[in-house]
Amino acid sequence: MGRVEIKNIELGITANGFRNVLVKRFLSPFKKFSGFLQKSQWWSGERIEEYQLERLKKILKVAYEHTPYYRGLMEVYDVNPYSITSFEDIARLPLLEKEDIRLHHHEMISDAKFYSMLYKCHTSGTSGKPLTLYRDLENVGFEHALLMRQWQWAGLKPNDRYVSIKGDLISEDKTDSGIFWNFSIAENKLYMSSYHLSEKNADHYVRALQKYSPAAIEGYPSSVSALAKFVRDRGIRIPMKAVLTTSETLSPEQRSLMESAFHCRVYDYYGMAERVAAIHTCEEGSYHLIPEYSYVEFVEKDYLSDGYCELVGTSLNNKAMPVIRYRMSDVVKPGEGYCACGREFPVIESIAGRQDDYIVTPSGKLIGRLDHVFKGAENLVEAQLYQPDRENLVLRLVPDKYYDAARDGKMILAKLKQRLGEAMNLEIENVASIPRGGRGKFKAVISKVNGFAY
């Protein structure tokens with residue numbers, strides 16, 4: 001079963017809203033998992049590891065008994081799913097790459113008869129061709145319960161009214177009238193489009209926020225921070241309980257801007273369509289790897305320094321299409337010790353983003369997290385770094401009416417040269433808007449240079 005597709009977008013929003021509530025809260029085992037997650041968040045580290053190993057054994061058995069791909073793989077690499085005693089036992093299996101899923105997609109889907117109702121999902125395709133994956137009803141319920149726990153950590157209730165600003169489409173009839181959103185009655189949720197964010201449309205967005213008066217706003221950091229800038233520049237107050245961001249790397253400047261405009265804390269959370277890792281933010285503001293969701297390995301690489309690692313994840317809750325030892329194109333820095341919140345979940349100090357969010361210098365050096373070069377340049381709507389080759393870097397800027405090229409542009413170029421060196425040619429390109437990628441996601445860095453040796 002996939003997402004309901006209806007030509008009338010407004011009718012589609014309503015239909016999908018009722019479908020989401022029906023499936024996630026009533027047809028799935030949402031309530032059972034909600035109760036479980038309320039208890040498991042206070043488990044000891046030792047009890048958490050016991051649970052993970054127990055779930056890992058079950059997933060490996062399902063994969064062996066019901067998927068041709070993993071059955072063949074385990075036989076080739078001499079992994080016996082019935083005699084797993086430690087996490088190290090699965091290390092004999094090779095890492096799973098995106099291309100493996102693409103090539104062996106149908107062989108990875110469980111043939112168990114009770115999976116006749118599968119829920120299709122797709123990756124956004126920001127790093128290449130999108131992947132198609134499948135989930136079972138248990139996975140849908142577990143994930144929704146997990147998301148509601150993140151809401152609880154943020155001080156929110158399931159029925160709080162909120163705004164979502166991601167890659168949702170709006171009919172031309174509405175946009176021509178200055179309406180860039182749709183309302184879902186079932187979810188009590190205002191779906192705003194990230195495709196129409198501009199200074200020209202800013203007043204329409206701000207007035208809609210004021211009228212709807214949401215308890216929270218969730219969306220891509222680039223989109224929510226653009227809204228926050230519109231609010232701040234107009235000198236008005238739109239207080240909320242929380243801002244929830246996801247799907248893009250959140251910069252300190254974006255966080256500060258959103259907290260100032262909406263007078264609340266930002267709760268950043270991380271996940272993916274492959275369902276092999278989840279990172280949520282607790283009440284203390286710490287990132288936590290969610291251990292009930294998946295088993296994650298931190299893999300050190302030569303190109304990474306300062307304690308950063310690649311993530312390799314195994315889903316613990318999707319029997320419909322097991323994903324085992326999946327190599328994510330994401331980099332994080334694990335923290336040390338436990339958080340003051342009292343949970344013995346692993347702490348993540350920093351989420352650095354995906355590997356294709358790096359600039360490769362002429363000397364081969366890899367540079368990530370360049371968002372700080374824009375610090376102090378407040379007269380920008382948004383910006384993007386585009387690297388067509390190793391010698392050149394194009395800085396795409398969407399300036400606002402206060403932008404001063406001699407001041408703001410010169411400052412940004414100077415900061416980039418400090419970090420990238422004199423050998424790289426830098427060019428500023430002023431544009432009216434920056435196109436979004438899959439599902440309306442914004443990419444701060446697009447590099448056509450392959451600087452990674454795997």
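The values are calculated or read from the model by the stated rules, or taken from the named source; none is laboratory data. A quick note: this is a predicted structure, and the numbers were derived from the prediction, not measured. Cβ placement follows ideal geometry from the backbone for every residue including glycine, while neighbour counts extend to all protein chains displayed.
Tabulated data for the structure shown
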| quantity | calculated |
| --- | --- |
| Per-region count, segment 170-201, residues within 14 Å of residue 433 (Cα to Cα) and either touching a His at 6+ places or on another chain (Cβ under 6 Å) or at pLDDT 90 or above (or both) | 0 |
| Criterion (in contact with a Gly (Cβ under 6 Å, 6 or more places away or on another chain) and in the same structural domain as residue 163 (by TED's automatic domain parsing)) met by exactly one of 199, 187, 218 | 187 |
| Failed condition for residue 331, given (1) at pLDDT below 95; (2) of a type outside the set (Asp, Glu); (3) assigned by TED's automatic domain parsing to the domain that holds residue 248; (4) out of contact with any helix residue (DSSP H, G or I) (no Cβ under 8 Å at 6 or more places or on another chain) | (4) |
| Flag for residue 261 being more than 20 Å from the chain's Cα centre (by Cα) and either outside the structural domain of residue 36 (by TED's automatic domain parsing) or not in a loop (DSSP other than H, G, I, E, B) (or both) | yes |
| Condition broken by residue 236, with the remaining ones in (1) closer than 25 Å to residue 435 by Cβ; (2) not in a helix (DSSP H, G or I) satisfied | (1) |
| Qualifying residue in segment 48-71 (condition: surrounded by fewer than 15 Cβ atoms within 10 Å (Cβ to Cβ), outside any helix (DSSP H, G or I) and touching a residue at least 40 places away in the same chain (Cβ under 8 Å)) | no |
